[in-house]
1. Could you figure out which of (1) out of contact with any Cys (no Cβ under 9 Å at 6 or more places or on another chain); (2) farther than 26 Å from Val183 by Cβ; (3) assigned to a loop (DSSP other than H, G, I, E, B); (4) not hydrophobic (A, V, I, L, M, F, W, C) isn't true of Asn509?
2. Since Ile434 meets every condition but one in (1) more than 19 Å from Pro370 (Cα to Cα); (2) touching a Leu at 6+ places or on another chain (Cβ under 7 Å), which condition does it not meet?
3. Mind counting the residues in the range 412-470 that are farther than 26 Å from Ala180 by Cβ, part of a helix (DSSP H, G or I) and free of Cβ contacts under 8 Å to residues at least 40 places away in the same chain?
4. Residues in the range 329-350: is at least one of a type outside the set (Phe, Trp, Tyr), modelled with pLDDT under 85 and either in a loop (DSSP other than H, G, I, E, B) or out of contact with any helix residue (DSSP H, G or I) (no Cβ under 8 Å at 6 or more places or on another chain) (or both)?
5. Identify all residues within the range 493-503 that are farther than 12 Å from Met449 by Cβ and surrounded by 11 or more Cβ atoms within 10 Å (Cβ to Cβ); write none if there are none.
6. Quick check: is even one residue across the range 471-484 farther than 25 Å from Val175 by Cα, without any contact (Cβ under 8 Å) to a residue 12 or more places away in the chain, out of contact with any strand residue (DSSP E or B) (no Cβ under 7 Å at 6 or more places or on another chain) and open to solvent by 10 Å² or more (accessible area, probe 1.4 Å)?
7. Do the conditions hold for Leu442, that is, is it aliphatic (A, V, I, L, M) and open to solvent by less than 40 Å² (accessible area, probe 1.4 Å)?
Amino acid sequence: MSHFRLIWGKLRQWFAVPWYPFAISAYPVFALMATNIGEVGLDAGIRPLLVCLLLGGLLFLLFWLFLRRVHKAAFLSALWLALFFSYGHAYIYLDEKYPDSNITTWLAVVWIMLFLLALVWATRPRLTFISAAPTLNTVALALLVMSGWQIASEIQPRSAHALALTNAPVQTDLVRPEPAPDVYLFLLDSYGRADLFQEAYGFDNSEFLDGLEQRGFFVAECSQSNYVRTEISMASALNMQYLQELSEKFDPETTSRRLLWDSLKHNAVRYNFESMGYETITFDTGFEWLNIEDSDHFLSPPPISSGMTEFEGLLLRTTLARYIDDWGWVDPDYLMGVSFRDRFNNVLNNVDNIARMPEPTFAYLHLISPHPPFVFDPNGNPTYPPDFWNDQRMYPAGLYQEGYLNQLQFLNKKVLEAVDAILAESDVPPIIIIQGDHGPWLQPKEKRMWILNAMHFPGHNDKLYSRITPVNIFRLVFNLYFGGEYELLEDVSYFSPVPKLYDFSVIPNECGE
């Protein structure tokens, strides 16, 4: 009992010290990280956390020097920090709700008044705020713990050969031929089908498709994706199975994506190749849930020279410091464009190096293009992402089409160059798959399933067909080149609305009818 009293006494002493301003300084970073944990790595939060703690510490020191009362300084610091970190959220909410009004102009005036009222109230002589410290410490700590728990629950480590789904269709008796072909999967995010481009945009993509066919590709002119969202589409394609058959946890009533992301990263295709001694190569996409960082070779570009990351830009916009952006002192959207271009170039600039590797390789090259943000013109010159969205950061149809076609044309050139490099450097004819995961935005749901699907299967292009879907691609690869015995599945496309990821309805393929 005395031991318990000793511990309780220590806790009471510790919670009586007003350290809550530092917890409040850290909370916005923890909360934003928890909300976006699937999009960013933990390291993205280190620098903003240090900056926010420094801000809280400097503010506390300033008020302590001014007031010479620790608890008063702590309480006033907490009030000002809460106003500072909440301003951007209020701004974004009002700007979205009342886009055509001047209400956000008045918001700054209101916030200045709140800062002054907090200063006047907290500096009243009779108020000491000593008794408030335990309560505020407890609340601030609880907020950090809740966010930290959410973050920790999403970063459970797995070994490189662990399958996320126990019933994923792996085969243990696959045989690697000697010499073995390299295998490349180019995933061009949001790349649609040629007939969609012609109907929706009046754009003729035949030059690119003819170029692929001249290089020995089969272009599946009527291909559709199996699903309409990247994470579902790729989890299915890389596990060679429909999600509904992979796990009962992909239930229409749930929106959880933890298992989905795990199944994308630790998939049957990767397992098969690694089991045969292939080196796996993946790239930084800018999205944590897409990054397969424990592959044999995970290639990421160096940090951009300015040093500000996309996560830091997002945090900036949710605080009073968003005016740094508005006044042009720092431009997170420009920096976002730089980082997207850096990752794009990092993939395509490394194709030669991959092709020259002596070991057989499976390279998964996921390019966030022609998917937004739009950062290239048709000749590869930089473009400014905000030029293609409105004040609410939404894409009007005309600007989306312009940015999409700009990026598409440059992408076409770079992909053909990459294919030429692979073919020139490969001693063994390589297997190359170039496909979209879904079609472009702002299209009817059935047309969002229309995708590019082009395959270079040396000696076996005759086994391919015009309506093949991604779920069957690697079944054919393993059957034709590695002695696999996979049955081809019926090619079906499923649409699911936001946010019900797993509430699927069939989209028929009427191409060619």
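The values are calculated or read from the model by the stated rules, or taken from the named source; none is laboratory data. This structure is a prediction, so every number in the text was calculated from the model and none was measured. When we count neighbours, we look across all protein chains shown, and the Cβ atoms used for this are built from the backbone with ideal geometry, even at glycine. Surface areas here come from the heavy atoms of the whole protein model, side chains and all, with no ligands, DNA or RNA. Shrake-Rupley method; radii C 1.70, N 1.55, O 1.52, S 1.80 Å.
1. It is condition (1) that Asn509 fails.
2. The one condition Ile434 does not meet is (1).
3. The qualifying residues number 1.
4. Here is the first cut: in the range 329-350, the ones of a type outside the set (Phe, Trp, Tyr) are 330-333, 335-339, 341-343, 345-350.
Going one step further and asking which of them are modelled with pLDDT under 85, we end up with 330-333, 335-336.
Now drop any that are not either in a loop (DSSP other than H, G, I, E, B) or out of contact with any helix residue (DSSP H, G or I) (no Cβ under 8 Å at 6 or more places or on another chain) (or both), which leaves 330-331.
Within the range 329-350, one or more residues are of a type outside the set (Phe, Trp, Tyr), modelled with pLDDT under 85 and either in a loop (DSSP other than H, G, I, E, B) or out of contact with any helix residue (DSSP H, G or I) (no Cβ under 8 Å at 6 or more places or on another chain) (or both).
5. Step one: filter the range 493-503 for residues farther than 12 Å from Met449 by Cβ, giving 497-503.
Across the range 493-503, the qualifying residues are Pro497, Lys500, Leu501, Tyr502, Asp503.
6. Residues of the range 471-484 farther than 25 Å from Val175 by Cα: none.
Checking the range 471-484: not a single residue is farther than 25 Å from Val175 by Cα, without any contact (Cβ under 8 Å) to a residue 12 or more places away in the chain, out of contact with any strand residue (DSSP E or B) (no Cβ under 7 Å at 6 or more places or on another chain) and open to solvent by 10 Å² or more (accessible area, probe 1.4 Å).
7. Details: aliphatic (A, V, I, L, M): yes; open to solvent by less than 40 Å² (accessible area, probe 1.4 Å): no.
Here the answer is no, as Leu442 does not meet what is asked.
Conditions (1) in contact with a Pro (Cβ under 7 Å, 6 or more places away or on another chain); (2) on the phi > 0 side of the Ramachandran plot; (3) loosely packed, with under 11 Cβ neighbours inside 10 Å; (4) modelled with pLDDT of 85 or more, marked per residue:
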position	(1), (2), (3), (4)
Ser2	no, no, yes, no
Gln13	no, no, yes, no
Phe30	no, no, no, yes
Ala44	no, no, no, no
Trp80	no, no, no, yes
